[in-house]
Amino acid sequence: MRILRLGLVQGLFGGLVGWVMGFSLVVAMRLLLGLPAAWKTGVSGPAAYEPAMVVAAIFFAIGFMVGVGSMTDWLKWAVGIKTPFHHGARIPGSPEWTRYFSVDYSHKVIGVQYGVTGILVLGVGGTLAMLFRLQLAQPEMKFIAADVFNTMISAHGMIMIGSILLGVGAMSNYLVPLMIGANDMAFPRLNAFAYWINVPGALLLMIAMFIGGWNTGWTGYPPLSAQAPVGVQYFFLGVFFIGLSSILGSVNIIVTTLTMRSPGMSLFRMPIFVWAAFATAIIQLTATQLIGLSFLMVLTQRILGMGFFDPGGVVWYEVDKWVGGGNPILFQHLFWFYSHPAVYVFILPGLGIISELLPVFARKPLFGYKWVAMSSMAIALVGFLVWAHHMFVSGMSNFLRAPFMMSTLLVAVPTGVKFFSWLGTLWGGRIEYKTPMLFSLGAISVFLIGGLTGPPLGTVTTDMNLHDTYYVVGHFHATMFGGFVFPFFAALYYWYPKATGRMYNEALGKLHFWLMTPAFWVMSLGQIFVGMHGMRRRIATYEVGLDIGTAQMMVTIAGFVIFLSVLVMVLNLFVLSWRARHAGANPWRSRGLEWQIPSPMPEMSYASLPVVVGEPYDYGKPGSTYVQFAAPTLAHAPLAGGD
Amino acid sequence: MEQGTPKRSYTRHFIIVSVLVIVVAAAAALGLQALPKFPRASTQAIVIDQMFDLHLAVIGFLFALVMVFMLYSLFVFRRQKGDERDGDHFEGHTKLEIAWTVLPLIIVLIFGVLGAQTLRQVTAAQPDEMVVEVTAFSFGWQFAYPELGVSEATALNLPVGRPVLFKMKSLAQDVIHDFYVPEFRVKQDLVPGVPTQLRVTPDKVGQYKVRCNELCGTGHTTMLADVNVVNQADFDAWVAEQRAAVSPERLAALGQELHTSQGCIACHNISGDPGLPGPTWKGIFGHEVELVDGSTVLIDEAYIRQSILEPNSQVVAGFQPIMPLTYGDVLSDRQIQALIEYIKTLE
């Protein structure tokens, strides 16, 4: 049975075994102490066994990672068995498609795994949004109960963030080695581990919806999250494992970028996307711990009585009746110290894609390359100094509001540099409108909405009005679509012929664009409008008296059009274009390294050593070349980095 | 790659684009200002809306700048069919980059200063503030007017034009809530264990709603309370009605009991005889008294309340500031009101 030998299937089996082991362990410990197996008396269902459920989830993830085979090589080393590195399918003789469902060390396979998982998770998050947008289409609709509604919006938020992180992983894992002329990442085994840990993470997030859900929003603020149903624990752990992926993946990106560039590729000759991925990895490496930590603290507050964020007097614990001594606002500081920089994790790679694609389709150099590169680094650094703007009305020190307002507004400066540089790149070009270019341009227009609606939120006084209204929802979705979704789709269309060797259907690609872009404008502006007319964030319904029914209906319809347009893309890329015409090695006449090798790419991307001899975006300069290929020699063994 | 693509002249394009940017920016600014506005009902809202309008003007301009430049380029610099040439080769312009780094920097700093100034305005203490204590719980609101002896009100009644200081708390075992009246344009979280405050001066008679603006669980959507901004006469009538609900006689009886049980009797007698560490309570209400600093004060409800909450702030001449500071924590508003009613009866 081939299907039973797939890593994914074995991983799920291992996860199940781990779950049962973890659960039994806690129950056995309790019985050993003469305590009843159930932890909370008078409570039925999963919540009665909360500590056992939590430990089971941790064992589930470990069991999955062992079962899937991501730790096999390391475990073998531990007992002295050598596992020489080799490319290609792990089990000799198995067909190519099985590689995508098992542990594989090729960064190209891992990149596709990230991308396809990301799109699947995007579909789950999008479906949730469609459901609750139905309820919000008209006032006073109540077919989704308040608790279910709260779970759905919370799940939508965090599942979409998971999807974005997977998409970011897809782009950086697939593209960074290709763009710098390396045959793989620095640590291929770590790379595979970092991908696969997302799977139990995402599964836990989804299971959380069915074991009571959680009503806290994706932000999970205590004390609410300390009192929420047990689903919140699986939400915490799901985020924790996805965060672990971010940290491990970012180590790989940083080391790969710094040590594995082709000869001649100085930092300022790197493709601009590599700069963006590098800046992103720095944020991921240094900030992600904080969200993992803050969630872990609430997790332990719930089951171990550690009252980090408990001001005192919580009495729902059966044992450890009083914890107390904590401060709920402290959680928000820890949480936002990651979760604000995180939004730059979401958008910087996308902005890098825009900067990467504009020169190719405008046939011009990227305007102010160094400024664009440095603006990514500046956003990454300033992003660490602005977290408390999420807390202007939280009750934190009144004085703190002024300095955080200043630092927040500063973000506009490097962001502006990017916009102006894009305009400079388009100016005087010979612009060609292929689908990837359309999505890059759509991204600029949508990110502009997100960018311009930001400063009123960064200014304390206007934020006192707008904070936590639908205006924020509009602003945030515009930044996420402009900074991630549109560029991600642009990247999918752009590198599809490189990855598959086939050309997608251009007409359907344009249909996707022309459905999605106007619909997004309507949705985003509609959200901003209702937010300024009394529509709070995260409410399950609203009164007729607010008089926003028409705008809400338009937001819902636009949301469905966007959903439909994404289905058009999935149909195009994953069904119809499978047997399309061959694309050739370089359909976009790009100067990039990866476009100088055949499509689809061979297992070892660069059989000959690429040597960088010029600037990456010198379109329109006669006689300029970016890369030359040395004859393959023994001196250059095209190996992946050792680990 | 084409050899020697001739560089085009851009002067004409820049002139056209600049004109278009100005036209579109003006149209965008006007259009944004013309959008239907949500009603407003506080002096703080005026400041905040002005700040927002300033943002809108800049948003309109930047929107025009980016979109006009982009759409113009997309149209004018589009590739003609069959034209395989590249665009014009220019890699950047350092002075331009410095300009569009420094100018926005100056603008955001100006906005930062304006933001801080307006923040000072909307949070500044006002003369003659009325204190309203707000308690949030899952899933409702309660309002108390300690200076007026009104407690446990479920609707927020406010006299128009009177500055209000909201002292806010969420119950210790509860979750975070947020006090938001969209017409007032300001909001503030109520956090278990962390007291917070907010200032509002309602300036328009009308009916509004407090809307909980921090997700707090099942009842979040419907966690609303009525706000009635009324003229002073109507407000006074409402206060009288609220107070009548608790008869002064019963409060005075409670006060007599507290006089003994809370230990007031140790320092304050009701006979008028001198000799105790604190002033007598007999016959003082409604009379003026000299303080240690030489000034005089009328002994009214506010003075008695103040003397209980902050005993050392206005000590009567001839006495030492030795009263325990803890009565504000020990006594409820209702109990303080009861003591006041009791003192009133000691003619």
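The values are calculated or read from the model by the stated rules, or taken from the named source; none is laboratory data. Computed from a prediction, not measured in an experiment: that's the story for all the values here. Here the Cβ is made from the backbone with ideal geometry for all residues, glycine too, and neighbour counts use every protein chain on show.
Can you tell me how many residues in the stretch B:182-194 are buried (at least 24 other Cβ atoms within 10 Å of the Cβ) and either more than 15 Å from A:Phe392 (Cα to Cα) or more than 7 Å from chain A (Cβ to nearest Cβ) (or both)?
The number of residues fulfilling the criteria is 4.
Which condition number does B:Val160 fail, the rest of (1) among the aliphatic types (A, V, I, L, M); (2) buried (at least 21 other Cβ atoms within 10 Å of the Cβ); (3) modelled with pLDDT of 90 or more; (4) in contact with a strand residue (DSSP E or B) (Cβ under 8 Å, 6 or more places away or on another chain) being met?
The single condition B:Val160 does not satisfy is (2).
Being basic (Lys, Arg) and in a strand (DSSP E or B), is that true of even one residue in the stretch B:236-256?
Scanning the stretch B:236-256, I find no residue that is basic (Lys, Arg) and in a strand (DSSP E or B), so the answer is no.
Filter the stretch B:195-223 down to the residues that are free of Cβ contacts under 8 Å to residues at least 60 places away in the same chain and assigned to a strand (DSSP E or B), then identify the one that is surrounded by the fewest Cβ atoms within 10 Å (Cβ to Cβ).
Across the stretch B:195-223, the extreme among qualifying residues is B:Gln207.
Taking the stretch A:565-589, which residues are in a loop (DSSP other than H, G, I, E, B) and under 27 Å from the mean Cα position of the chain (by Cα)?
Answer for the stretch A:565-589, where residues must be in a loop (DSSP other than H, G, I, E, B) and under 27 Å from the mean Cα position of the chain (by Cα): just A:Val575.
Taking the options A:Tyr114, A:Tyr105, A:Tyr49, name whichever one is buried (at least 22 other Cβ atoms within 10 Å of the Cβ) and assigned to a helix (DSSP H, G or I).
So the residue among A:Tyr114, A:Tyr105, A:Tyr49 that is buried (at least 22 other Cβ atoms within 10 Å of the Cβ) and assigned to a helix (DSSP H, G or I) is A:Tyr114.
Kindly provide the set of residues from the stretch B:66-106 that are in contact (Cβ under 8 Å) with a residue 40 or more places away in the chain and more than 8 Å from chain A (Cβ to nearest Cβ), ordered by number.
B:Val68, B:Tyr72, B:Val76, B:Glu84 - these are the residues of the stretch B:66-106 that are in contact (Cβ under 8 Å) with a residue 40 or more places away in the chain and more than 8 Å from chain A (Cβ to nearest Cβ).
Test A:Ile562 against the criterion of being farther than 30 Å from A:Leu267 by Cβ and more than 25 Å from the chain's Cα centre (by Cα), and give yes or no.
No, not satisfied.
Identify, by number, the condition in (1) more than 34 Å from the chain's Cα centre (by Cα); (2) in a helix (DSSP H, G or I); (3) of a type outside the set (Lys, Arg); (4) exposed (fewer than 15 other Cβ atoms within 10 Å of the Cβ) that B:Asp273 doesn't meet.
B:Asp273 satisfies all of (1) more than 34 Å from the chain's Cα centre (by Cα); (2) in a helix (DSSP H, G or I); (3) of a type outside the set (Lys, Arg); (4) exposed (fewer than 15 other Cβ atoms within 10 Å of the Cβ) except (2).
Could you go through the stretch A:551-574 and let me know if any residue there is among the small types (Gly, Ala, Ser), farther than 30 Å from B:Gly217 by Cα and modelled with pLDDT of 90 or more.
Yes, some residue in the stretch A:551-574 is among the small types (Gly, Ala, Ser), farther than 30 Å from B:Gly217 by Cα and modelled with pLDDT of 90 or more.
Name the residues in the stretch B:128-139 that are surrounded by fewer than 16 Cβ atoms within 10 Å (Cβ to Cβ) and either under 28 Å from B:Leu215 (Cα atoms) or within 15 Å of the chain's Cα centre (by Cα) (or both), would you?
B:Glu129, B:Val131
All but one of (1) touching a Phe, Trp or Tyr at 6+ places or on another chain (Cβ under 7 Å); (2) within 13 Å of another protein chain (Cβ to nearest Cβ); (3) of a type in the set (Ser, Thr, Tyr) hold for A:Thr461; which doesn't?
If we test A:Thr461 against (1) touching a Phe, Trp or Tyr at 6+ places or on another chain (Cβ under 7 Å); (2) within 13 Å of another protein chain (Cβ to nearest Cβ); (3) of a type in the set (Ser, Thr, Tyr), just (1) comes out false.
Have a look at A:Ser440, A:Ser375, A:Ser355, A:Ser421 and point out the one that is touching a residue at least 12 places away in the same chain (Cβ under 8 Å), buried (at least 23 other Cβ atoms within 10 Å of the Cβ) and out of contact with any Phe, Trp or Tyr (no Cβ under 9 Å at 6 or more places or on another chain).
Going through A:Ser440, A:Ser375, A:Ser355, A:Ser421 in turn, the sole match is A:Ser375.
Checking the conditions here, which among B:Val132, B:Val150 is more than 14 Å from chain A (Cβ to nearest Cβ), of a type in the set (A, V, I, L, M, F, W, C) and touching a helix residue (DSSP H, G or I) at 6+ places or on another chain (Cβ under 8 Å)?
B:Val150 is the lone residue from the list that is more than 14 Å from chain A (Cβ to nearest Cβ), of a type in the set (A, V, I, L, M, F, W, C) and touching a helix residue (DSSP H, G or I) at 6+ places or on another chain (Cβ under 8 Å).
Taking A:Trp39 as meeting all but one of (1) closer than 25 Å to A:Leu296 by Cβ; (2) assigned to a helix (DSSP H, G or I), write down the number of the exception.
(2)
Do we have any residue at all in the stretch B:258-268 that's among the aliphatic types (A, V, I, L, M), free of Cβ contacts under 8 Å to residues at least 60 places away in the same chain and surrounded by 14 or more Cβ atoms within 10 Å (Cβ to Cβ)?
yes
Looking at A:Phe419, A:Phe447 in this structure, which one is of a type in the set (A, V, I, L, M, F, W, C) and more than 8 Å from chain B (Cβ to nearest Cβ)?
Criteria check complete, one pass: A:Phe447.
Run down B:Gln44, B:Gln33 and say which single residue is more than 9 Å from chain A (Cβ to nearest Cβ), among the polar types (S, T, N, Q) and within 33 Å of the chain's Cα centre (by Cα).
When all the criteria are applied, what remains is B:Gln33.
All but one of (1) surrounded by fewer than 21 Cβ atoms within 10 Å (Cβ to Cβ); (2) facing another protein chain (nearest Cβ under 9 Å); (3) of a type outside the set (A, V, I, L, M); (4) outside any helix (DSSP H, G or I) hold for A:Lys364; which doesn't?
Every condition holds for A:Lys364 apart from (1).
Condition check: within 12 Å of the chain's Cα centre (by Cα) and either over 28 Å from A:Gly220 (Cβ atoms) or of a type in the set (D, E, K, R) (or both). Does B:Thr196 satisfy that?
So B:Thr196 fails the test.
Can you spot a residue in the stretch B:109-116 that is touching a Ser or Thr at 6+ places or on another chain (Cβ under 6 Å), under 18 Å from B:Tyr180 (Cα atoms), part of a helix (DSSP H, G or I) and at the interface with another protein chain (Cβ under 8 Å from one of its Cβ atoms)?
no
In the stretch A:260-307, what count of residues is obtained for those that are within 14 Å of chain B (Cβ to nearest Cβ) and in contact with a Ser or Thr (Cβ under 8 Å, 6 or more places away or on another chain)?
Residues meeting the conditions: 2.
Those residues that are over 19 Å from B:Ala266 (Cα atoms) and surrounded by 14 or more Cβ atoms within 10 Å (Cβ to Cβ), I need them from the stretch B:306-322; list them, please.
B:Gln306, B:Gln314
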